[in-house]
Amino acid sequence: MAEPLLEVRDLRKYFPIRKGLLSRTVGHVKAVDGVSFTVQAGEVLGLVGGSGCGKATTGRCILRLIEPTSGSVRFAGREVTTLPRKELRQLRREMQIVFQDPYSSLNPRLTVGSMLSEALAIHRLARGEKARERVAELLRLVGLHPDHARRYPHEFSGGQRQRIGVARALAVSPRLIVADEPVSALDVSIQAQIINLLRDLQRRMKLTYLFVAHDLSVVEHISDRVAVMYLGKIAELADSEVLYREPRHPYTLSLLSAIPVPDPTRRRSRIVLKGDVPSPAQPPTGCRFHPRCFMAREICAREEPVLRQVSPGHWTACHFAEQVEAPAGSV
Amino acid sequence: MNPPLLQIEDLRTHFFTDDGVVRAVDGVSLELGARETLAVVGESGSGKSVTALSMLRLVPEPPGRIVGGRILFAGRDLVGLSGDAMRKIRGKEISMIFQEPMTSLNPVYSCGEQIIEAVVLHEKVDRARARQRAIEMLGLVGIPVPEQRVDEYPHQMSGGMRQRVMIAMALACRPSILIADEPTTALDVTIQAQILELLKRLQRELGMAVLLITHDLGVVAETADRVAVMYAGQIVEYCDTAAAFRRTLHPYTAGLLASLPRLGAKREALRVIPGNVPNPARFPQGCRFHPRCPIVQDRCRAHEPPMLTFDGAHRSRCWRADEIAAGAIDPAGPAQGAARG
């Protein structure tokens with residue numbers, strides 16, 4: 001296989017918890033705690049998990065919007081984590097991000113046209129008439145009209161704003177896009193439009209996505225492979241279809257069964273997990289999922305399972321991966 | 001259905017803003033039967049939350065005002081009720097839980113105190129009895145060691161636990177109607193499953209009716225007996241849940257269902273509803289869905305369709321509902337090619 005476009009190895013991000021007058025560090029929130037994966041050029045990797053699992057922090061550490069505590073991020077063969085500021089800025093041209101809330105991530109004082117031209121000017125890609133042409137092309141690309149360049153963000157609906165967010169990310173012709181919950185803030189009837197747009201652009205322009213979201217049905221739809229995170233670690237990673245068909249981690253299985261299905265005739269057995277998501281400041285011993293796990297045994301509280309390959313390309317961090325199945329008597 | 005517990009007739013709640021009149025709720029009629037779960041589903045600006053707030057007379061006035069219609073509950077019209085009379089109903093007969101438990105719980109009182117306050121206010125019992133009731137309720141909603149946690153503050157609890165406290169508070173006076181406005185939207189999917197199971201169990205045990213407001217058709221399918229689909233301030237389809245999913249009679253419902261990514265489905269382009277959610281200050285002429293409708297005709301642009309009833313109980317606000325019902329056209333429209341959105 002070719003060298004991956006993105007290679008993340010043992011990435012960690014610990015946020016200090018400070019207390020008292022002297023702001024002494026009294027502990028750490030281990031938001032990302034040893035995450036490794038690769039993304040091939042032209043591939044879509046989905047990163048899914050509940051709130052506080054570290055999926056968004058992982059995405060931001062890769063772009064160094066947040067500085068990682070330790071670990072390695074290699075992009076197109078270059079180490080990102082140690083890159084000096086100036087070179088990092090150049091590299092950012094190739095790695096862009098689309099945010100969840102398209103309103104708070106667009107400058108309200110700039111017209112769409114000046115916002116996009118600015119990105120082109122900063123990276124010395126186009127100026128003047130050339131830039132205007134490129135802006136028109138970008139707007140058409142995301143399903144807007146070139147005339148929209150003269151308008152301000154508040155004149156657009158949520159879905160249109162997200163199209164502008166996508167256009168801005170595409171302006172500098174990046175190779176990798178981190179899409180951070182790009183449809184979660186949108187109305188149901190608009191989500192499909194944006195999902196189709198992202199999918200369509202990815203295919204036509206051979207883009208690589210790291211698609212971060214909490215909604216497993218959205219992630220499964222758009223991703224080639226999916227990584228499921230729980231409390232700062234990857235619980236399972238597999239091809240999209242395989243993950244859905246044969247989950248090999250009890251957390252994935254319960255996530256799949258918890259999603260309400262829009263079909264009242266399909267009565268499924270549902271696993272309702274006990275308890276709450278623990279705090280990432282004090283993760284449980286052993287397997288982090290064990291206090292909520294319906295399969296937990298004595299070893300799970302003691303020994304942390306490693307992420308291991310159970311079949312080609314299918315990785316899971318469970319001591320009993322081979323026996324994962326829904327518990328008897330699930331609701 | 002039994003005689004309805006609550007009946008809304010032609011409710012109109014408008015907001016008078018500098019931008020013009022926002023017809024947030026514009027002619028909504030629905031019934032809620034005892035022990036039934038009715039889901040009101042819609043997108044932002046559809047009027048689903050304002051409908052619920054109107055029922056409790058919690059619409060901020062000004063700029064809002066109920067300008068027409070009736071809300072009949074226990075032989076009375078809530079629309080004309082005085083503030084005092086309404087306070088006796090709110091929290092006692094009809095309760096409400098909200099999406100964000102943190103913003104609807106008072107951070108400076110313990111969870112127990114907030115339940116005790118409601119019980120003392122409505123039931124004229126002493127504080128010791130009310131505290132006992134608070135502990136019972138916290139136990140009922142699945143909070144472990146309730147006699148200890150009754151003295152904890154909202155910030156000491158997780159999101160799921162706070163939502164349980166909200167539910168305990170709402171149900172402490174055994175209301176006959178619980179309005180749940182997006183009760184699980186802010187929660188993780190595994191916690192959402194817990195809360196939905198809890199609401200189902202409580203409904204069985206306490207026998208209340210639930211008006212569930214949501215944007216999630218999956219939640220509707222799994223919890224509701226009947227569903228009212230709202231679009232641009234109106235109900236556009238109103239029927240049994242099974243009927244809505246099996247053979248919808250409205251192109252908007254059909255479009256929503258077709259646009260959902262489904263687990264395990266083929267990863268083709270999703271079908272889309274083109275265009276944008278309309279601005280409530282400027283609803284389109286004629287049928288309000290017509291600019292986005294795949295089966296639009298000339299009369300849809302000119303005239304607003306009436307609510308038509310099929311099979312005695314399935315209502316649709318679409319000029320072509322009879323053709324859809326007869327199987328002559330697909331409400332989702334012709335198959336889309338390479339949909340671009």
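Rule-based calculations on the coordinates, nothing more; no lab input. Just so you know, these numbers come straight off a predicted model, no measurement behind them. Glycine gets a Cβ as well: all are built from the backbone with ideal geometry, and neighbour counts include every protein chain shown.
Tell me what chain A gives for mean residue ellipticity at 222 nm when only DSSP H runs of n ≥ 4 count, each as -39,500 (n - 2.57), the sum divided by the residue total, rounded to 500 deg cm²/dmol.
Helices in chain A give a 222 nm mean residue ellipticity of -9000 deg cm²/dmol.
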**Asked** Under unit Cβ charges (Lys, Arg +1; Asp, Glu -1), what dipole magnitude, rounded to 20 debye, does the protein assembly as shown have relative to its Cα centre?
**Response** 1440
**Message:** At 7 Å along Cα-to-Cβ for each site, give me the label-to-label distance between B:Met102 and B:Arg301 in nm.
**Reply:** 4.9
**Asked** Which residues in segment A:246-269 place their backbone N less than 20 Å from a point set 7 Å from the Cα of B:Arg201 along the Cα-to-Cβ direction?
**Response** A:254-255, A:257-260, A:268-269
**Contact order normalised by residue count of chain B, Cα under 8 Å, 6+ apart, percent** = 19
**Request:** For an R0 of 56 angstrom, estimate the FRET efficiency from the Cβ-Cβ distance between A:Ser269 and A:Ala121 and round to the nearest 0.05.
**Result:** 0.45
**Complete:** Here the FRET efficiency for B:Asp240 versus B:Ala328, based on Cβ atoms and R0 = 25 Å and rounded to 0.05, is 0.65
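How do the peptides B:250-263, B:20-33 rank, highest first, by the average count of neighbouring beta carbon atoms within 10 Å per residue?
B:250-263, B:20-33
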**Complete:** Looking only at lysines whose Cα falls under 27 Å of B:Lys124's and that sit 8 or more positions away or on another chain, we get B:Lys88, B:Lys92
**Complete:** Relative contact order in percent for segment A:233-279 (Cα pairs under 8 Å, 6+ apart) equals 29
**Asked** At 222 nm, what helix-only mean residue ellipticity would chain B give, in deg cm²/dmol to the nearest 500, using -39500 (n - 2.57) for each DSSP H run of four or more?
**Response** -9000 deg cm²/dmol
**Prompt:** Arranged by the count of other C-beta atoms within 10 angstrom, fewest first, what order do B:Phe245, B:Phe289 take?
**Reply:** B:Phe245, B:Phe289
**Prompt:** Most exposed first by the Cβ proxy, i.e. fewest other Cβ within 10 Å, how do A:Lys13, B:Lys124, B:Lys92 rank?
**Reply:** B:Lys124, B:Lys92, A:Lys13
**Complete:** Across A:Glu181, A:Glu298, A:Glu155, the residue with the highest GNM fluctuation in chain A (Cα network, 10 Å cutoff) is A:Glu298
**Item:** Among B:Ala209, B:Ala168, B:Ala34: highest mean-square fluctuation, GNM of chain B, C-alpha pairs under 10 Å
**Value:** B:Ala34
**Message:** For the pair A:Glu241/B:Thr17, report the inter-label distance in nm, with labels modelled 7 Å from Cα in the Cβ direction.
**Reply:** 4.7
**Prompt:** For A:Lys206, B:Lys266, A:Lys55, what's the fewest-to-most ordering of other Cβ within 10 Å of each Cβ?
**Reply:** B:Lys266, A:Lys206, A:Lys55
**Request:** Run the numbers on chain A and let me know its relative contact order in percent, using alpha-carbon pairs under 8 Å that are six or more apart.
**Result:** 19
**Request:** Would you work out the charge dipole size for segment B:199-341 about its Cα centre, treating the Cβ of every Lys and Arg as +1 and the Cβ of every Asp and Glu as -1, and quote it to the nearest 20 debye?
**Result:** 380
**Asked** So, in nm, how far is label A:Ala2 from label B:Thr309 when the simple model puts each one 7 Å beyond its Cα toward the Cβ?
**Response** 6.4
**Request:** Write out the cysteines belonging to chain B for which the nearest other cysteine Cβ is not under 4.7 Å, or none if no such cysteine exists.
**Result:** B:Cys111, B:Cys173, B:Cys239, B:Cys293, B:Cys318
**Asked** Taking R0 as 30 Å, what's the FRET efficiency between B:Glu147 and B:Arg35 from their Cβ-Cβ distance, rounded to 0.05?
**Response** 0.45
**Message:** Please give the charge dipole size of segment B:1-80, origin at the Cα centre, charges +1 on K and R Cβ atoms and -1 on D and E Cβ atoms. Round to the nearest 20 debye.
**Reply:** 220
**Request:** May I have the count of lysine pairs in chain A with C-alpha atoms under 26 Å apart, counting pairs 8 or more residues apart or located on different chains?
**Result:** 14
